[in-house]
Amino acid sequence: MRIGQGIDAHAFKEGGTLVLGGVIIPYPRSLEAHSDGDVVLHALCDALLGAAGLGDIGRHFPPGDPAWLDIDSRILLRRTIAMVVEEGCKLVNADITVVAQEPLLGPFIGAMREFIGADLQVSADRINIKATTTERLGFTGRGEGIAALAVVLVED
Ligand code: MG
């Protein structure tokens, strides 16, 4: 068994499309990023790469590279799991926490689990996603951005 963890955070900007866990969330703001800013999938990619001993997302998908401009992060996730499988690792489960004061994410978590399970080729019940606020403390609590943390277990 091998374990990996990942964290990501992005700041809000006005307008644009907010995408979390591959799901479009109706909200007047989106996340500032070179890619689509999907913090959930970025934290998950980092956890997967960590478990497989493959470094981090910045090494494989450099933010300055025009190839990744506005890219759908599900593409990055599928490429990541392909590298992890290539290393001989198989995902056991993932546990993800999204830290956001708003929007309310509960209604979208089921769809996120389905999308992530499909991309990682595991049943959605192996992908747990939780959402929490920070009781208005810190940058997430002030509504300046969203953070996500992910832990994965793989077997090799
Ligand atoms: Mg990111």
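The values are calculated or read from the model by the stated rules, or taken from the named source; none is laboratory data. In this text the structure is predicted, and so the values were computed from the model without any measurement. FYI the Cβ positions are ideal-geometry reconstructions off the backbone, even for glycines, and counts take in every protein chain you see. Just the protein is used for accessible areas: all its heavy atoms, side chains included, with ligands, DNA and RNA removed. Shrake-Rupley method; radii C 1.70, N 1.55, O 1.52, S 1.80 Å.
Data overview
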item: Accessible-area ranking of Arg79, Arg74, Arg113, largest first, probe 1.4 Å; result: Arg79, Arg113, Arg74
item: Accessible surface ranking that places the most exposed of Ser123, Ser73 first, with a 1.4 angstrom probe; result: Ser123, Ser73
item: Most positive-pole-ward Cα, Pro66, Val85, Gln101, against dipole of segment 31-110 from beta carbon charges; result: Val85
item: Pair Thr132, Gln5: separation of 7 Å Cα→Cβ label points (nm); result: 1.2
item: Relative contact order for segment 1-123, counting Cα pairs under 8 Å that sit 6 or more residues apart, in percent; result: 26
item: Label point distance in nm, Ala67-Glu14, each placed 7 Å from Cα along Cα→Cβ; result: 3.6
item: Where Met1, Met83, Met112 fall by accessible area, highest first, once all protein chains stay in place (1.4 Å); result: Met1, Met83, Met112
item: With DNA, RNA and ligands ignored, accessible area of Asp70 (1.4 Å probe; Å², nearest 10); result: 110
item: Dipole of the chain, positive direction: furthest Cα of Ala131, Ala51, Met1, with charges on the beta-carbon; result: Ala131
item: Nearest-10 value in Å² for the accessible area of Lys90, using the 1.4 Å probe; result: 120
item: Cα-centred dipole magnitude for segment 1-104, charges only on beta-carbon of K, R (+1) and D, E (-1), debye, nearest 20; result: 260
item: Convex hull (Cα only) mean projected area of segment 24-156, reported in nm² to one decimal; result: 7.9
item: With all protein chains modelled, accessible area of Phe139 [1.4 Å, Å²]; result: 90
